[in-house]
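Below is one structure, written out as structure tokens; comments come after it.
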Amino acid sequence: MDPQYLQTLRYKLQKRFRRLNSIRSPFYHYATVCFWQFLTSHPAFVGIIDDLLAREPSAPEEAQKILRDRQALAAGSEIQAAAIGACVIRACVTSEARMPELDVAAVYGREQHHDDTLRRFTEVFAEPLYEYVDEQLDERGAILAVLRNYKHKVEWFQRAKLYESWKTDTQRGEKTLALHLYEYLHDQGIRFFIEPSSVSGEADLVGAQQSDEPLIADAKIFNPDKRKRIDYLAKGFKQLYTYCADYNENVGYLIVFNTSDTELRLLLEGETHGTPYAVLNNKTIFFIVIDIFLHAGSASKRGTVHAHELKLSKLVATVEEGMTKEKPSHRLP
């Protein structure tokens, strides 16, 4: 991302957290609401939080142990603390209670003064989330926001250019589109290595980023007329899942360029801020579908559109089939 933009975001984030950290009890809940609304109003922060919760799928359940069962849990890692903090703050913001943060913080010990108890809420929940988001602005945590922005940029401004580049050489079209994506990621300050096999055209996987956590992403074409059908995407999912397992990474990204007039419907486990995702064995794969086909008219004037559906059951079956061939005795839970 642009350094000046990141600096501005960081300044605004620090300003909101300082206010939350200094507010007194009568207005603390309002400050918490404002803090959460700020985090969920900026695409970069939204992408980081979505990515965070995908990496810690147990966080909502752990948060419920605190909120509902009144258990004073201690997070096992900084990322877990940040994820639990996000879930607890979100629950407090949507709560109808007058001061839910006070009740939650009291689980960890009630002080003589409300302000001291609320300070514990800040330390246990808000501060880990704030520090994680702040750190991830310079790391790979913002990748989901970057990919969402790439999708919008391509569909709004570069659709014709990319479609023509693919159509000119459909045999290497997937490679051409993948390299366009990688160039965009590089321009956004996301540093990574592309595996040598990818450069030679054998695969389109972004193998490892120059950080402690690898970036697992792949670009695929969807075009039934060119034999790039649902099965092809399912195999791409299996490849990502396998690489996530190999790198011990919880999150991967499948970028799908739709070069046909056929609609691709993703019937997966869930969707966050318009981005579908599938979860399998604690591995979360986000699907970013980019439509670059040059439609003759607007969506409202196209009439009935033929659609292909990609279901979670298909993805699971493809992964299980591959694992069965490699290790007949092993099945996914």
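The values are calculated or read from the model by the stated rules, or taken from the named source; none is laboratory data. Since we're looking at a predicted model, the values are computed, not measured. Glycine gets a Cβ as well: all are built from the backbone with ideal geometry, and neighbour counts include every protein chain shown.
Couple of notes before you dig in:
- Restricted to the range 260-297, and to residues there that are small (Gly, Ala, Ser) and either farther than 18 Å from His308 by Cβ or outside the structural domain of His152 (by TED's automatic domain parsing) (or both), the residue that is modelled with the lowest pLDDT is Gly297.
- Selection within the range 57-91: residues that are polar (S, T, N, Q) and touching a residue at least 24 places away in the same chain (Cβ under 8 Å). The member of this set that is surrounded by the fewest Cβ atoms within 10 Å (Cβ to Cβ) is Gln71.
- Identity of the residue in the range 143-189, closer than 18 Å to Asn223 by Cα and either aromatic (Phe, Trp, Tyr) or assigned by TED's automatic domain parsing to the domain that holds Gly47 (or both), that ends up surrounded by the fewest Cβ atoms within 10 Å (Cβ to Cβ): Tyr163
- Test: Pro43 is more than 25 Å from Ala105 (Cβ to Cβ) and not assigned by TED's automatic domain parsing to the domain that holds Leu147: yes
- Single residue of the range 207-245 satisfying the filter (surrounded by fewer than 16 Cβ atoms within 10 Å (Cβ to Cβ) and at pLDDT below 85) that is nearest to Glu320 (Cα to Cα): Asp212
- Out of Tyr182, Tyr150, sole residue that is at pLDDT 90 or above, out of contact with any Cys (no Cβ under 6 Å at 6 or more places or on another chain) and not hydrophobic (A, V, I, L, M, F, W, C): Tyr150
- Residue in the range 101-123 that is buried (at least 17 other Cβ atoms within 10 Å of the Cβ) and closer than 24 Å to Gln7 by Cα present: yes
- For the range 114-159, filtering for residues that are under 19 Å from Tyr182 (Cα atoms) and assigned to a helix (DSSP H, G or I) leaves 20.
- Screening Ile84, Ile79 for residues that are of a type in the set (A, V, I, L, M), in the same structural domain as Tyr130 (by TED's automatic domain parsing), touching a Lys or Arg at 6+ places or on another chain (Cβ under 7 Å) and part of a helix (DSSP H, G or I) leaves exactly one candidate, Ile79.
- Qualifying residue in the range 92-107 (condition: more than 27 Å from Arg10 (Cα to Cα), in contact with a Lys or Arg (Cβ under 8 Å, 6 or more places away or on another chain), without any contact (Cβ under 8 Å) to a residue 24 or more places away in the chain and part of a loop (DSSP other than H, G, I, E, B)): no
- For the range 3-26, residues that are within 11 Å of Leu118 (Cα to Cα) and surrounded by 12 or more Cβ atoms within 10 Å (Cβ to Cβ) total 4.
- The residues listed here are Ala31, Ala54; of these, the one that is of a type in the set (Gly, Ala, Ser) and without any contact (Cβ under 8 Å) to a residue 24 or more places away in the chain is Ala31.
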